[in-house]
Amino acid sequence: MVSFSESQGSPAAAIRRVLVLGGGSAGLIAALTLKRLMPALEVTLVRSSEIGVIGVGEGTTAVFPAHLFGTLGISKDEFYREAQPTWKQGLRLLWGPRDEFFYDFEFQYDQQFPGTRKATGFYTAGECRNLSQASALMTHGNAFTTGPLNRPVIKGQYAFHIENHRLVACLEGTAAQSGVILEDDTLDRVEMANGEVAALHFKNSGSRTADLYVDASGFAAELIGKALNEPFKSFAGSLFCDRAMVAGWERTDEPILPYTTAETMDNGWCWQIEHEGSINRGYVYASDFVSDEDAKAEFLAKNPKITTEPRIVKFRSGRYERSWVGNVVAIGNASGFVEPLEATALAQIVYESRWLVESLHLTGGSPDEGMKASYNRIVGVAWDEIRDFLAFHYKFNTRLSTPFWTHCRNETSLGNYEDLYRLYREVGPSPTLLVHAIPNRPNVYGVEGFLAMLVGMQVPYERVHLAAPEEREAFDRHRHKLATAAKGGLSVREALDAIRKSGWQWT
Ligand SMILES: Cc1cc2nc3c(=O)[nH]c(=O)nc-3n(C[C@H](O)[C@H](O)[C@H](O)COP(=O)(O)OP(=O)(O)OC[C@H]3O[C@@H](n4cnc5c(N)ncnc54)[C@H](O)[C@@H]3O)c2cc1C
């Protein structure tokens, strides 16, 4: 029998030594994932303290804790002690015509309540709160429901807010304990041979070689972009913002909120991220529509408590056409970037790392060109879905009519999800039918994510359902149950106190 790799030409040599360039969250998560899931690999990570890390990226989705604790088996005690995360159950969006709506990591719209005839989205013309336990918790400002002994029930699809420097320090410690070799040096030049990387030459430690190079050098994209010259696919047809202004203040008596807030601004939007000791705010805006000075004035007027000097981060949205080229795989900001509207970057890093490990497993550590093409297709589809998911946020936000938002409503392309929107207009928020308009796999956000935006922003559809009184009663009864459990829940502060008490045990 001819094996797949033989049919593609001579079998590639097995990968034994991996060199990760970059020690931001992407490099560290990639190195940890490779080392913990493939312990026989020799994994070396070289990062530059001279250059440092981007230092932003502080909200996660539920994929992140699941990966750290479930897939990688990292100790919760250690992680909570070192990284000092707070919890978020999702996003509170000050967006569209409603006062607010929530997006969580559970199911609000891809479900039907007992005693009703249709999916939940058909009953939410007036009000869309308390549709899941997570959204009910966010509505009531609590992090978790209360379990036995008045302890928080820390399970389900929760996520984190973590200060970037604490996360990086914590991951470095875990990586070193796991056997990743950590080095500090700055790349000087890349030596190429036959279209592949032959060696990396560093300023102090000379040259290093490996069987596989992971480019986690952030926006610099030293290997995939500069050395290999892989074309960059811009997302500028859907996402018009290209700058973020970041600042914050020390927390005083503000409650620690169990969600990231995303608030519509004149020329983009503003996040609010909740750390235990501080509040971090960032204004993502489009420099074609507003100058840095005017953006700063709007940002400071909205956030009079800001004490730190706003820092501007410039970015371009898009991805490299292929992330895996020859013996280089790009992960994190080196592979692509979109603004942090849904805190998607860390999740994408986790997926890229896992898909890489799976590709190595499937090929016995000798990935052929077919495997690399499959990996690239999957990563590309995932990036494009994120682009389109964010595009829905822009296309349908009717909250403001500034030139920026008018442009977004008129010009944003929905990419591969245009058909899903068309079908939604015809059939309404029916997950059973809309699932057939999902264009590609992987589909990380499911019908759920797109419905959360369409229903949250009250995007009209034709087949409006007039609920019978008994249906409405059943619908409200179910929401009331979720709201009651949420009201009796514990705040982020109370849950943090609980896990720090002696006798606390993670289940
Ligand atoms: C404004 C903003 C807000 C964000 N918010 C979020 C969020 O809420 N949630 C989220 O998930 N993501 C967010 N992100 C994305 C976030 O930046 C990434 O998730 C994450 O930090 C990964 O970064 P990275 O490791 O790819 O790059 P970096 O942190 O930039 O790391 C690059 C590494 O490469 C090294 N390096 C670079 N060049 C060289 C060289 N020549 N020699 C040696 N080493 C080198 C650097 O020293 C560094 O260690 C945000 C991004 C921005 C810009």
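At 7 Å along Cα-to-Cβ for each site, give me the label-to-label distance between Thr406 and His480 in nm.
In this crude spin-label approximation the distance works out to 4.7 nm.
What's the longest bit of the chain with no exposed GluC sites (Glu not before Pro), using DSSP loop states and at most 10 other Cβ atoms within 10 Å as the test?
Working: sites that count: Glu50, Glu462.
The reported range is 51-461.
Suppose the chain between Ser374 and Asp288 were pulled fully straight at 0.36 nm per residue; how much longer would it get relative to their current alpha carbon spacing? List each step's numbers first, then the result.
On the way: separation 86, 0.36 × 86 = 30.96 nm, distance 3.68 nm.
Additional length available on full extension: 27.3 nm.
Among all the lysines, which ones have a C-alpha under 26 Å from Lys155's C-alpha, if same-chain residues fewer than 8 places away are not counted?
Lys76, Lys88, Lys481, Lys487, Lys501
Once both axes come from the Cα atoms, what is the angle between helix 292-302 and the longest principal axis of the chain, in degrees from 0 to 90, rounded to 10?
40 degrees
Run the numbers for Arg316 and Thr44: contour at 0.36 nm per residue of separation, minus the present Cα-Cα distance, in nm. Provide the component values of the computation, followed by the final result.
Numbers: separation 272, 0.36 × 272 = 97.92 nm, distance 2.91 nm.
Gain on extension, Arg316 to Thr44, equals 95.0 nm.
Once R0 is set to 41 Å, what does the formula 1/(1 + (r/R0)^6) return for the Cβ-Cβ distance between Ala125 and Lys76, expressed as a FRET efficiency to the nearest 0.05? The partial results should precede the final answer.
Numbers: r = 42 Å, r/R0 = 1.02.
Result of the calculation: an efficiency of 0.50.
Relative contact order of the chain, please, whole-number percent, based on alpha carbon pairs below 8 angstrom and at least 6 residues apart.
On the way: 1003 pairs, mean separation 121.4, N = 507.
That works out to 24 percent.
I'd like the distance separating the alpha-carbon centroids of the range 485-507 and the range 293-352, in whole Å.
Cα centroid of the range 485-507 versus Cα centroid of the range 293-352: 32 Å apart.
Amide H neighbours of Tyr259 under 5 Å, at least 5 residues apart or on other chains, H built in the peptide plane: list them.
Placed amide hydrogens put Gln89 under 5 Å from Tyr259.
R0 = 56 Å: FRET efficiency of Asp184 with Asn150, Cβ-based, nearest 0.05?
Working: r = 46 Å, r/R0 = 0.83.
Computed FRET efficiency for Asp184 and Asn150 comes out at 0.75.
For the range 400-507, what is the relative contact order in percent, using Cα pairs closer than 8 Å and at least 6 residues apart in sequence? Mind dumping the intermediate values first?
Numbers: 38 pairs, mean separation 22.2, N = 108.
It rounds to 21 percent for the range 400-507.
How far apart, in nm, are two points set 7 Å out from the Cα along the Cα-to-Cβ line at Ala14 and at Ser502?
My value for the distance between the label points is 5.0 nm.
Within the range 194-240, report the trypsin sites (Lys or Arg not before Pro) that DSSP leaves as loop and that have at most 14 other Cβ atoms within 10 Å.
On the way: sites: Lys203, Arg208, Lys226, Lys233; in loops: Lys203.
Filter output for the range 194-240: Lys203.
Using only helices, what value at 222 nm comes out for the chain when you add -39,500 (n - 2.57) per DSSP H run of length 4 or more and divide by the total residues, to the nearest 500 deg cm²/dmol? Don't skip to the end; give the middle numbers.
On the way: 14 runs with 164 residues, N = 507.
That comes out to -10000 deg cm²/dmol.
In nanometres, what is the gap between the two model label sites at Glu358 and Glu191, each 7 Å from Cα along Cα-to-Cβ?
Here the modelled spin labels are 3.6 nm apart.
Need one number: % antiparallel among DSSP beta bridges in the chain, to the nearest 5.
Values: 50 of 70 bridges.
Of all bridge pairs located within the chain, approximately 70 percent are antiparallel.
Can you work out ³J(HN,Hα) from phi for every residue in the range 190-203, in order, using Karplus 6.51 cos²θ - 1.76 cosθ + 1.60 and θ = phi - 60°, giving whole Hz and x for Gly and Pro?
10, 9, 10, 8, 6, x, 10, 6, 9, 6, 10, 9, 9, 4
Take Ser278, project a point 7 Å from its Cα along the Cβ direction, then tell me which residues of the range 292-319 have their backbone nitrogen under 13 Å from it.
306-311
For the chain, take N as its residue count and report Rg(C-alpha) divided by 2.2 N^0.38 Å.
That ratio works out to 0.99.
Each reported figure results from applying straightforward, stated rules to the coordinates on display, with no laboratory input. Everything numeric here is computed off the predicted structure, so don't read it as measured data. Reconstructed Cβ throughout: ideal geometry from the backbone, glycine too, with neighbour counts over all protein chains shown.
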